[in-house]
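I have placed the structure first, in the form of structure tokens, so that the comments after it can refer back to it.
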Amino acid sequence: MKLSYFPGCTLKNHAKNFEDSAICALKALDVDVQELERWNCCGTVFSLTTDDLIHHIAPVRNLIRTKEQDSDKLMTMCAMCYNTLKRSNQRMRSNPDDLDIINDLMYREDVKYAGDVEVLHLLEILKNDIKFTSIAHKITKPLKGLQVASYYGCYLVRPAEIGFDDAENPVILDELAAVLGATAVDFPFKVECCGAYLTVDKPEVIADRTYQIVTSAAKQGAEIMAVSCPLCAFNLDHRQKETSAKYPDFKGMPVVYFTQLMAIALGCPEKSLRFELHHIDPKPILKNKGLI
Amino acid sequence: MRTNLSRHKLLDPFVAKVQELSGQNLLICYQCGKCSAGCPAVHEMDILPNQIIRFAQLGLKDELLASKAIWVCASCMTCNVRCPKGINIAEIIEALRQILLRQREDHVKVEKLDGSERGDVPPIALISNFRKFTS
């Protein structure tokens, strides 16, 4: 299986652990990932105002790149890229007039976009195309005894028409954790916003949210948190520093990408996990469970 | 808070502008308050999401554009998902931010962020923050 892949800005630096672990895990599942040539930043957020067409150029240009690669499916792993690319695509598909304007603005492109690329999140592909059952057959190191709280956040599941799971009670990450042999821990803050980009100008808000979200997961018995968004990962992991400073009773928890858990279970080498990029080191709990 | 209502405010082009930019019909809101009940940022807000809609219906432009609330909303879409009338409240709040930003009044002053704020956060945070909070 070959997949056209859009990394997005952060998977090449702060979230290299997300990319490296995913590519290694997908290789173990016989999936060949082909990174888009000349991809550009998607803009990270979908424009919510009706008249703001200019910000749809960046996502649509990536869809043109997909066509140039003779593909009609584009996979991304970042929840924010997924949301932005998919929603822009939906707007182009349902508003032919908007699509004409966008194509006119990009008159120097060789390919005119016709709304014919499908934007998919890696989790959808794992569940619907690769299938969880075939992942289960390839596991060499089940995550036995590891209590994993899956945090979904916002952009993976909302608004309802974009998500591939229930907007209020998504379970796909929990299902995957169970397939990998871990114990999935449900907790009430799994779709509560981490504060997202407020982390730049209001880091104290993120400390409050991280305290609530991580403490809630810990109360349910979680030992580690799994995420699918590099911004959630930064807020819930790196902002634990500010959280501990504000809340002396706060007990930290390592935060990993779901792809890192997959990579461990599928026998990838430790260097693909890139633990040096974490603030709270996940190694002690993983060593304790005999997983690394 | 003391608020004066007037026919003048109700007919202010501001009301039509909010509806146009957000693509939402403000008048279908029946003030159930579900958006405010589920909003994770509500304790940071001076005007709550359901009040934002009421204020917008009444043309209370000055109060809305001076509010702190529109800058602590991170467009997490929880209100949109839960609104029984199908109103996209996040889009209404975005319209209010845009009315200010389009006058080139940046909320986040990039040049005033210190080195650690700019250097330590990932690009995804900086780009999304500047997309939402600068013109």
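Where the second residue is aromatic (Phe, Trp, Tyr) and the first is within 14 Å of another protein chain (Cβ to nearest Cβ) and lies in the range A:165-177, which pairs have Cβ atoms under 6 Å and are six or more apart or on separate chains? Correct list of pairs: A:PRO170/A:TYR152.
Looking only at the range B:117-135, residues that are assigned to a helix (DSSP H, G or I), over 19 Å from A:PHE46 (Cβ atoms) and at the interface with another protein chain (Cβ under 10 Å from one of its Cβ atoms) come to 3 in all. The single residue among A:LEU156, A:LEU143 that is modelled with pLDDT of 95 or more and within 12 Å of chain B (Cβ to nearest Cβ) turns out to be A:LEU156. Checked against the criterion of being part of a loop (DSSP other than H, G, I, E, B), closer than 24 Å to A:ARG65 by Cα and at pLDDT 95 or above, the candidates A:ASP97, A:ASP116 yield just one match: A:ASP116. Among the residues of the range A:1-41, those identified as within 14 Å of chain B (Cβ to nearest Cβ), crowded, with 24+ Cβ neighbours inside 10 Å and on the phi < 0 side of the Ramachandran plot are A:PHE6, A:THR10, A:LEU11, A:ALA15, A:ASN17, A:PHE18, A:GLU19.
The criterion of at least 1 residues that are surrounded by fewer than 19 Cβ atoms within 10 Å (Cβ to Cβ) and modelled with pLDDT of 95 or more is met by the following strands (runs of 3 or more DSSP E) wholly inside the range A:173-292: A:183-185. Cβ-Cβ distances below 6 Å connect the following pairs, each with a first residue in the range A:258-276 that is on the phi > 0 side of the Ramachandran plot and assigned by TED's automatic domain parsing to the domain that holds A:GLY153, a second residue that is among the acidic types (Asp, Glu) and at pLDDT 95 or above, and a separation of six or more residues or different chains: A:ARG274/A:ASP20.
Remark: A:ASP237 falls outside the filter, which requires a residue to be more than 24 Å from A:PHE18 (Cβ to Cβ) and within 13 Å of another protein chain (Cβ to nearest Cβ).
Among the residues of the range B:56-79, those that are surrounded by fewer than 22 Cβ atoms within 10 Å (Cβ to Cβ) and not in a loop (DSSP other than H, G, I, E, B) comprise B:GLN57, B:LYS61, B:ASP62, B:GLU63, B:LEU65, B:ALA69, B:TRP71.
The values are calculated or read from the model by the stated rules, or taken from the named source; none is laboratory data. Since this is a predicted model, take the numbers as computed values, not measurements. All Cβ positions, even for glycine, are placed from backbone atoms using ideal geometry, and neighbour counts span all protein chains on display.
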